[in-house]
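The values are calculated or read from the model by the stated rules, or taken from the named source; none is laboratory data. Note that this is a predicted model, so its numbers are computed, not measured. Reconstructed Cβ throughout: ideal geometry from the backbone, glycine too, with neighbour counts over all protein chains shown.
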Amino acid sequence: MDKIMVGVDIGGTTVKIGFIHYHGDILEKWEIPTNTSSGGQKIVDDIWNSAHHKLNELKINKVSVLGIGIGAPGFIDAETGFVYEAVNIGWKNMDLAKQMKEKSNLPIFVQNDANIAALGENWIGAGNGAVNMIAVTLGTGVGGGVIANGSILNGESGMAGEIGHIKVEPDGVPCNCGGIGCLETICSATGIKRQGMDAIALNPHSKLARYYEKRGTITAKDVIDFAKDGDEMSIQIMKNTVNVLGMAIANMATMINPSKIIIGGGVSKAGEYLLDQLTAAFEKYAIPKLREVCEIKIAQLGNDAGIIGGAYLVKQYVKEL
Ligand SMILES: [Zn+2]
């Protein structure tokens, strides 16, 4: 039996679990609901019980499992696998690695969810083994993972690469982090939707406003689709979004001089439309020596990036042995 790694990606509504071969292909993947009741205390049990059950079902001997790599949202000490706080799942001061180790008796590795997505993309996705890369996830929020000199950059308290909280609008709107005018308040799906709602309030006869009246709601995807369709108001929203994002990633690039910047998350489904404009914005702001070596790409692994990155955490450890 080939050796496998277990990748786990803990999200607010589901936990994604995968068995990954040493060379990166997925042997099996599935999801379980995230049980956030009673402060998320059942989640570790749920994950291990489900993985254990699946090992039996597939007749995989536990000795073939090299370890478990876990991505979790929130503030994490990657050295110890300790989660200070993960608001979405109710954890506070949760000793995730220790608890999982007690259940499974396997080597356990923990990282922030944006960082494992970066590792996954860099291993077998759009990163192509870049030594210096930045991954940006444009979802409900904006996540960032940075690989510098071949390793994930964690920083002193796990906050390195939190690009979503770069300040871009001093007089902007409040962010979930308690700050004002963070990148996330503009460039996340939530931020694009908010810009859409603000524009609708100012332009009640616009195409987007009429659409909103009919549907009772709009999404970021609606704004992007209207922009692609030539609606001027939506085009302006996307121009602003991409301009702000392009400036932020150009600034961030000066820190690590990356060869790849990978854009993932729901908003990245806008594809070439986003990529072309973002590349132009990046090139406007980045100094020539930076932009000459840097390529911006759309992420390739979709929802699998986390479990593959989790598996890579284990692989990295095995390689070091
Ligand atoms: Zn913020």
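When ASN93 is tested against the conditions (1) in contact with an Asp or Glu (Cβ under 8 Å, 6 or more places away or on another chain); (2) buried (at least 19 other Cβ atoms within 10 Å of the Cβ), the lone failure is (2).
Quick grid of which residues meet (1) in a loop (DSSP other than H, G, I, E, B); (2) more than 27 Å from SER157 (Cβ to Cβ); (3) of a type outside the set (A, V, I, L, M); (4) out of contact with any helix residue (DSSP H, G or I) (no Cβ under 8 Å at 6 or more places or on another chain):
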| position | (1), (2), (3), (4) |
| --- | --- |
| ASP9 | no, no, yes, no |
| GLY18 | no, yes, yes, no |
| GLY24 | yes, yes, yes, no |
| TRP30 | no, yes, yes, no |
| ASN35 | yes, yes, yes, no |
| SER50 | no, yes, yes, yes |
| LEU55 | no, yes, no, no |
| LEU66 | no, yes, no, no |
| MET100 | no, no, no, no |
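Look through segment 148-174, keep the residues that are among the small types (Gly, Ala, Ser) and assigned to a strand (DSSP E or B), and return whichever of them is nearest to the ligand (Cβ to nearest atom). Only one residue fits best here, namely ALA148. Of all residues in segment 192-213, none are in contact with a Cys (Cβ under 8 Å, 6 or more places away or on another chain), assigned to a helix (DSSP H, G or I), within 16 Å of the ligand (Cβ to nearest atom) and closer than 29 Å to ILE134 by Cβ.
Could we say that GLY178 is within 16 Å of the ligand (Cβ to nearest atom) and part of a helix (DSSP H, G or I) here?
Details: within 16 Å of the ligand (Cβ to nearest atom): yes; part of a helix (DSSP H, G or I): no.
It is false that GLY178 is within 16 Å of the ligand (Cβ to nearest atom) and part of a helix (DSSP H, G or I).
Filter segment 69-90 down to residues that are part of a strand (DSSP E or B) and either of a type in the set (Val, Ile, Thr) or surrounded by fewer than 24 Cβ atoms within 10 Å (Cβ to Cβ) (or both), then give me how many there are.
Total meeting the criteria: 9.
Against the test of being within 16 Å of the ligand (Cβ to nearest atom), assigned to a helix (DSSP H, G or I) and modelled with pLDDT of 95 or more, the options ILE224, ILE186 yield a single qualifying residue, ILE186. Out of GLY139, GLY150, GLY129, GLY144, one residue alone is surrounded by 24 or more Cβ atoms within 10 Å (Cβ to Cβ) and out of contact with any Cys (no Cβ under 6 Å at 6 or more places or on another chain). It is GLY144. Just for helices (runs of 4 or more DSSP H) wholly inside segment 260-321: which have at least 3 residues that are touching a residue at least 24 places away in the same chain (Cβ under 8 Å) and under 16 Å from the mean Cα position of the chain (by Cα)? Per the criteria, 305-320. Can you confirm whether segment 127-135 contains a residue that is of a type outside the set (Gly, Ala, Ser), away from the ligand (no atom under 16 Å from the Cβ) and farther than 21 Å from ILE261 by Cβ? For segment 127-135, residues of a type outside the set (Gly, Ala, Ser), away from the ligand (no atom under 16 Å from the Cβ) and farther than 21 Å from ILE261 by Cβ: absent.
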